Amino acid sequence: MDDNHTTARRLGRHGQRLLGAASSRAQGDYARARAYFMARPPLQRTILMALWACAAVLALLLLYVLILIPVTPGVRDLKQARAARATTLMSADGKELANFDTGLQERVKLNQISKHVVAALIATEDHRFYEHHGIDFRRTAAAVVYSLKGDAQGGSTITQQLARNMFPEQIGRSRNVSRKLKEMITAIKIESTYSKAEILEAYLNTVPFLYNTFGIEMAARTYFNKSALDLNILESATLVGMLKGTNYYNPVSNPERSLQRRNVVLGQMRKHGLITEARLQSLRKRPLRVRFARQAERGNEDTHFTAYVRKWLIDWADENDYNLQLDGLVVHTTLDSALQQAALRAVERQGNALQAIADVEWSQRVLGASPSTGAYAGMHHAINPFEYFWQSRSALADAFVRESPDYRKALAGGEEAAHAFKRLKADRRFIAELRAAKSRLEAGFVAMDPGSGEIKAWVGSRDFQREQFDHVVQAERQPGSTFKPVVYGAALEKGLAPDRMYRDAVQDIKAADGSIWRPTDMAGSSGKSVTLRDGLVYSKNTVTAQVMQEVGLPSIVRLARDLGIRQSKLASVPSLALGTSPVTLLEMVNAYATIAAQGEYRAPVFVKRITDREGKTIAEFGDPTAQRAMSASSAVTLIDMMRGVVDRGTGTGVRYRFGIHGDVAGKTGTTQNNTDGWFILMHPNLVAGAWVGFNDNRVTMRSNYWGQGGHNAVLLVGDFFRAALDSGKIDAAALFPGGKRAAPVRAQPEPDEPQEDSRDMREEAAPPAQDLVEPLPAEGRLQMESEPEPEPPEQPERREAPPQGVSLE
């Protein structure tokens, strides 16, 4: 041990001697260098200092370049960028739905581009293109000199410009040394990876040309209405001239500048021997001939479904480090293109029919009603849509003006309120557009596979280009009686039997805060005993309220969450049983899909998998396992009860209007003053639901007949289901457990059917029902009679219970 300590001490002393010797030598070297430097004349000392400073700067610059090399795009990035492809959204059956192109672009090969374009580009932008290896040092040095003189000039080669176009985020656009070094390093890497022809091709396919167009092919179509291959020398010079400043030299908005710039390009072509002097003088005299044809935006292919997937996909790509514009991903969605087309046709066809009904019924003081959509279509040309609505609701019309963005903008700009209101009221165009928007009927539709949760059809409005607001997933509306199956399902889960008896009578129901709620039915109360089953079939509010009391609100809310209503808030108040808490259409259809799957919940799935450009799967979605939301026996019993809704209750229209004869079950829904119409239909293979209404719930369907979900929303679902069955997309012979094969049913005249009540809780913001509804004519024609003047609006009834915003069935 002592020997070890002795050795350590000796080594330590030896090291100290070595350090001391090195320090002495360094001090001696510094002293000699300083003496040598101070012995030089002043001029030599200045020159030496400048040289040492330049050497230090160059060393630091070299060090910075070495640091930048690994952080600039590598060979793999370059190859990927050249083969860049936008992400594509595909339907389940292989149809392209949309893509993630950054703009209007069509890539072409170099041999598909006019030789005049290539000649003009090289002569103007980089005449030593074939001589350098990414950086033209002579041009760069000249640019520095000119810039120091105050005449800023670009020194970038075509390859350097390509580097900026291919990697705008990594390289940037700022005018600084860092950006220039990144650009140069990337240019050298590009030259070592691609041939000169490949560089030219990539450059001409990525350069921007305004109007959201990229690449020479789209530029040729936009400015000259021809392909890039057919561009003549003048057109080529014009487009190449734009590269110095696309907006400044835009031939559409700045033709004189563009002409001058075109002639500069022609002069460069003459300077480098590409054209003769005589040819130059001849070409300079020719006018600028532009045939501008702005290309159609490809965004028109979008739908509410693809817009929803886009938002989700952007987040997914950010989390997983993918570039949706470059990586060529293929997103395989669950949408069935045939079913989607059937849904689009149903929403368009039936939406137009219902719009005609609303237009006609609100056009005159006289209200006639017919069960035939054709009767209204025949009258539509002869009426002024919604004329009587606006005449009889002047206060509401004024409120719409004051709530408009134009009015708020005027106030924000300092305009006096009274003056702004008067000015807008006098603006006929503004009033016409406002009224057209407020009186436009809207709809939402969605269909999903109950066995997988996969979305098969999705229509968020009657026209995506006109209305981007999505009534499937964004709109929260009161579901009315479509919520009642949740109440009856909770009763079955608690052990209540379908034949349990309830008295059909109005009862006072005391809420937790002591308020009293008295739900009623449109047809009145019979006072007789009604089974639990018939309470649902005939949508009896009196029975549903009693079931709610017996089961308890916590059980109802818990089952609603388990079935699929998981995003919207559910108010734990008695009126919840009649569907007063707003929810989305997607949530309601998801809940019905859980019931159709015998109580097994599956979250909605809209993307099945994502593959890369080689077809390799990089992500899969959709949980194959299901969550038990309610017992299978209760779900089967509930399905059987909901069969009765379609066979003999409020949903019979889907059978007699459309001849739907499969084993189906469903439920209708209607809210206060005919504000919202709902219908959801379940089939063993597919569940589909629709909502119909106006964006502003102060505008409603006028007659109680067409305000019913069993008469409006049922049209969309029935139309869709008929197409799905006729095309074989769903099996007409498929049965729910306990189901029986039904005989085919043909469309037939409307039978007597129960109607839902939508009056038991008033929505205070809505105009009161003041319209006289004539009896339905047997021959299906509208009958018009004089209607009395509307009574003054009644005062909103004071409600003692929490949210009672709608009066439901």
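Annotations for the structure displayed:
- Cβ crowding within 10 Å averaged over residues, with 243-255, 545-557 ranked highest first: 545-557, 243-255
- Per residue, in Å², the accessible surface of the stretch 418-489 once ligands and nucleic acids are set aside, probe 1.4 Å: 39 Å²
- Packing, as the average of other Cβ atoms within 10 Å across residues, places the peptides 622-630, 389-397, 581-589, 447-455 in the order 581-589, 447-455, 389-397, 622-630, highest first.
- Prolate is the label for the stretch 640-706, because a/c, from the alpha-carbon gyration tensor with a ≥ b ≥ c as root eigenvalues, is 1.5 or above and a/b exceeds b/c.
- Remark: for residue pairs LYS484/LYS569; LYS109/LYS196; LYS109/LYS244, the C-alpha separation exceeds 20 Å in LYS109/LYS244.
- Counted charge near SER529, where neighbours are those whose Cβ lies closer than 14 Å (Asp, Glu -1; Lys, Arg +1): +2
- Here's how it looks for VAL607: its modeled amide H is under 5 Å from those of THR334, which are all 5 or more places away or on a different chain.
- Nitroxide proxy distance, nm - points 7 Å out along Cα→Cβ at GLU416 and SER529: 7.3 nm
- Accessible surface calculations at 1.4 Å, restricted to protein heavy atoms, place the stretch 549-621 at 36 Å² per residue.
- Per atom type, the stretch 579-646 shows carbon and sulfur on 48% of its accessible surface, probed at 1.4 Å.
- Accessible surface for the stretch 278-380, divided over its residues, is 46 Å² per residue with a 1.4 Å probe.
- Apportionment of accessible area to carbon and sulfur, the stretch 360-493, percent (1.4 Å): 50 percent
- Gained length - ARG25 relative to ALA395, 0.36 nm times residue gap less alpha-carbon distance: 123.3 nm
- Other residues lying with their Cβ under 13 Å from the Cβ of GLY413 contribute a combined charge of 0, Lys and Arg counting +1, Asp and Glu -1.
- Partners for LYS409 among lysines (Cα-Cα distance below 20 Å; same-chain residues under 8 apart left out): LYS422, LYS425, LYS438
- Förster radius 30 Å - calculated FRET efficiency between LYS616 and LEU110 (Cβ-Cβ, nearest 0.05): 0.50
- Computed FRET value (nearest 0.05) for GLU550 with THR625, which takes r as the C-beta separation and R₀ as 35 Å: 0.55
- Globularity index of the stretch 674-747, i.e. its alpha-carbon radius of gyration over 2.2 N^0.38 Å: 1.32
- For the pair GLU319 and ASP508 in one chain, pulling the backbone fully straight at 0.36 nm per residue adds 62.6 nm over the alpha carbon distance.
- Counted charge near GLY267, where neighbours are those whose Cβ lies closer than 11 Å (Asp, Glu -1; Lys, Arg +1): +4
- Nitroxide proxy distance, nm - points 7 Å out along Cα→Cβ at ARG310 and ALA734: 3.2 nm
The values are calculated or read from the model by the stated rules, or taken from the named source; none is laboratory data. All figures in this text were calculated on a predicted structure; none of them were measured in a lab. All Cβ positions, glycine included, derive from the backbone under ideal geometry; neighbour counts span all protein chains shown. Protein only, heavy atoms only, side chains kept; ligands, DNA and RNA dropped before computing areas. Shrake-Rupley method; radii C 1.70, N 1.55, O 1.52, S 1.80 Å.
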